[in-house]
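Input: a single structure, listed below in structure tokens.
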Amino acid sequence: MRGTVFGVAATLALALALAGAAQAQPVEGKLVLYTSQPNTDAQQTVDAFKAKYPKVDISFVRDGTPRILAKLRAEFEAGAAQADLLLIADSVTMEGLKKEGRLEAYDKADVSAYPAGIHDPGKAWFATKLITTGIVYNTKAPLKPTSWLDLTKAEAKNLVAMPSPLNSGAALIHTMTLTGNLKDGWGYYEKLKENAALAAGANGDILRQVATGEKLYGMIVDFMPIREKAKGAPVEFVFPSEGVSAVSEPVAILKGTKNAAAAQAFIDFLLSRDGQEVASKQGYIPALASTTLPAGYPPRGEIKLMPFDAAKALEDSNAARKRFSGIFE
């Protein structure tokens, strides 16, 4: 009997030791990140991670999301992705990859400090920050907008510019968010068209048009006008009273990674307070609500996020593009 007890205890101890060894895989080796972050942000993110995990040789490939996806798809066709991690602008694209079975879920990721609904429920991708879209206006504009509806007023006729969802994933998310939350739905965009709003160009072009006075109002991501205002540009950014849309710059592990331990450590780092403070220092709203906002932003309680369902948006995205095209083209 005694020998049996000792035998069971020894077996249990061995099992626990093996489990501990499996959980304590060394965080080292090579790691490749594909990202649509600006080069400076991507380098800062990688450097901050390497400071915590110096034995990981991490490199990154940076390009716009469409080109990153094209590169990945070519690699999928060739048999295997060269990247371990993907950090891109929008959750709808991540949902598409998840549906195709291209992402590796990380079940043990700790998201307990985050509000429900911000990350993928299946833990295939994780929000790293909140890049909202609101209203930018030239400081000489007679109308000081506080609502999305202000852009449909007579004072704004022929003076509004916005990115097109036909060319931008963030703009598509913004359009689907507004039409899903504003009372008029697609009628809001019909009113914008009647008011001669221009739907073309990227966020940088919108900022240029408003800053130069070519247009007086625009829909734009938050950090660009906030940064330029700090440099002296004649622009103001508004978080409209109805709320704003947001892209969450999600991160995910690609299926087939050869270094799962390091890839998971990268996710853990971005979700940690240290990782979220990196986002804040870069000038973005951290996804972790308890992290301090960058200079130039109002208190977090004054920023109202409109609800957005990435999975449903993926299903409805083609119809939304077609509807928008029917209004503006």
**Request:** Take the Cα atoms of the range 96-188, find their three principal axes, and give me the spread along each one in whole Å, biggest first.
**Result:** 53, 29, 24
**Request:** Would you tally the net charge around A197, using a Cβ to Cβ cut-off of less than 10 Å, leaving A197 out, and scoring K and R as +1, D and E as -1?
**Result:** +3
**Message:** Beyond 34 Å, how much of the Cα-Cα pair distribution for the chain remains, as a whole percent?
**Reply:** 30
**Request:** Classify the range 204-329 as rounded, prolate or oblate from the Cα gyration tensor: take a ≥ b ≥ c as the square roots of its eigenvalues, call it rounded if a/c is under 1.5, otherwise prolate when a/b beats b/c and oblate if not.
**Result:** oblate
**Message:** Let me check against my output: what whole-number percent is the relative contact order of the chain, with C-alpha pairs under 8 Å and at least 6 apart?
**Reply:** 25
**Request:** Give the Rg/Rh ratio for the range 138-205, taking Rg as the radius of gyration of the Cα atoms and Rh as the Kirkwood radius, to two decimals.
**Result:** 0.95
**Request:** State the Kirkwood hydrodynamic radius of the range 22-61 in Å, one decimal place, computed from all pairs of distinct Cα atoms.
**Result:** 10.8
**Message:** Using a Debye calculation, one point per C-alpha and no hydration shell, please list log10 I(q)/I(0) for the range 33-102 at q = 0.16, 0.24 Å⁻¹ in order.
**Reply:** -0.59, -1.11
**Request:** With r as the distance between the Cβ atoms of A74 and N39 and R0 = 25 Å, compute the FRET efficiency 1/(1 + (r/R0)^6) and round to 0.05.
**Result:** 0.70
**Asked** With a sphere of radius 9 Å drawn around the Cβ of I131, what net charge do the other residues whose Cβ falls strictly inside it have (Lys, Arg +1; Asp, Glu -1)?
**Response** -1
**Message:** I need the GluC sites (Glu not before Pro) found in the range 70-131, filtered to DSSP loop residues with at most 16 other beta carbons within 10 Å of theirs.
**Reply:** E100
**Message:** Please give me the summed charge of the neighbours of K215: other residues whose Cβ is under 11 Å from its Cβ, Lys and Arg +1, Asp and Glu -1.
**Reply:** -1
**Asked** the range 223-277 to the range 148-203: how many Å between their Cα centroids?
**Response** 24
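No value in this document is a laboratory result; all are computed from the given coordinates. What you see is a predicted model; the values in this text were computed from it and never measured. Every residue, glycine among them, receives a Cβ derived from its backbone with ideal geometry; neighbour counts consider all protein chains shown.
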